[in-house]
1. Out of the stretch 123-151, which residues are within 19 Å of VAL68 (Cβ to Cβ) and either part of a loop (DSSP other than H, G, I, E, B) or in contact with a helix residue (DSSP H, G or I) (Cβ under 9 Å, 6 or more places away or on another chain) (or both)?
2. Suppose we filter LEU107, LEU89, LEU118, LEU97 for residues that are at pLDDT 95 or above and either buried (at least 16 other Cβ atoms within 10 Å of the Cβ) or among the acidic types (Asp, Glu) (or both); which single one remains?
3. If I filter the stretch 1-22 down to residues being among the basic types (Lys, Arg) and at pLDDT 60 or above, which single residue comes out as farthest from ASP126 (Cα to Cα)?
4. Quick one: count up the residues across the stretch 23-47 that are in contact with a Pro (Cβ under 6 Å, 6 or more places away or on another chain) and at pLDDT 85 or above.
5. Which residues, counting only those in the stretch 74-99, are within 12 Å of the chain's Cα centre (by Cα) and outside any strand (DSSP E or B)?
6. What pairs come out if I take residues in the stretch 39-64 that are more than 27 Å from PRO148 (Cα to Cα) and pair them with residues that are β-branched (Val, Ile, Thr) and not in a loop (DSSP other than H, G, I, E, B) whose C-beta lies under 6 Å away, six or more apart or interchain?
7. Evaluate the following for GLU149: is it charged (D, E, K, R), at pLDDT 95 or above and loosely packed, with under 15 Cβ neighbours inside 10 Å?
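The values are calculated or read from the model by the stated rules, or taken from the named source; none is laboratory data. Since we're looking at a predicted model, the values are computed, not measured. Don't worry about glycine lacking a Cβ; one is built from the backbone with ideal geometry, like all the others, and counts go over all protein chains shown.
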Amino acid sequence: MPYTIRTSSVNKFVDARGWSLNDIYPMTKQGALDKNGPSEFQINYSILYPGIYKAWHRHQNQDDYFCVLKGMAQVGIINKEGKAKKYFLGEHNPMVLHIEAGEWHGLTALGNEPCGLLYLVTKRYDPHAPDEERLPYTEFVGHDWWLPENK
């Protein structure tokens, strides 16, 4: 009987904004989840420190699915009509947020604790040809847009 691989190493990326575990399920490259061949999607987990704005960026050929498992985050999306919308995701408001290809998006941790983002992307990251454009976090909205609201 052939030996089944049950574990795989996960690469960790660290910078001043936080840290990420990228391609958490690399065994899917061998088609473990897609019996018809290798899957295109990739699952990642990222910690974002308070006071950091990870915005704006977009992908032309991939959708993202965000789920904040730790803490709370404010996610911003600029839709294809150029309208900005805020979403609040996390421990106190659990949900999966779909970000369509072509939509500018970004996030920041709310409060004084880091937020932990589990996200699925529909295309694997290619470091030789990244599908990513970036702009400053104040490009579409002012700095105050990212700050907590006092209602």
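1. Those that are within 19 Å of VAL68 (Cβ to Cβ) and either part of a loop (DSSP other than H, G, I, E, B) or in contact with a helix residue (DSSP H, G or I) (Cβ under 9 Å, 6 or more places away or on another chain) (or both): TYR137, LEU147, PRO148, GLU149.
2. After applying the criteria, what remains is LEU107.
3. Ranking the candidates gives ARG17 first.
4. 1
5. VAL96
6. Between residues of the stretch 39-64 that are more than 27 Å from PRO148 (Cα to Cα) and residues that are β-branched (Val, Ile, Thr) and not in a loop (DSSP other than H, G, I, E, B), the close pairs are SER39/THR28; GLN42/VAL121; GLN62/VAL121.
7. So GLU149 does not fit the description; no.
Each row is one residue, and each column tells you yes or no for (1) touching a Leu at 6+ places or on another chain (Cβ under 7 Å); (2) free of Cβ contacts under 8 Å to residues at least 40 places away in the same chain; (3) farther than 21 Å from ALA16 by Cβ.
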position	(1), (2), (3)
VAL68	yes, no, no
ASN79	no, yes, yes
HIS98	no, yes, yes
ALA101	no, no, yes
LEU135	no, no, no
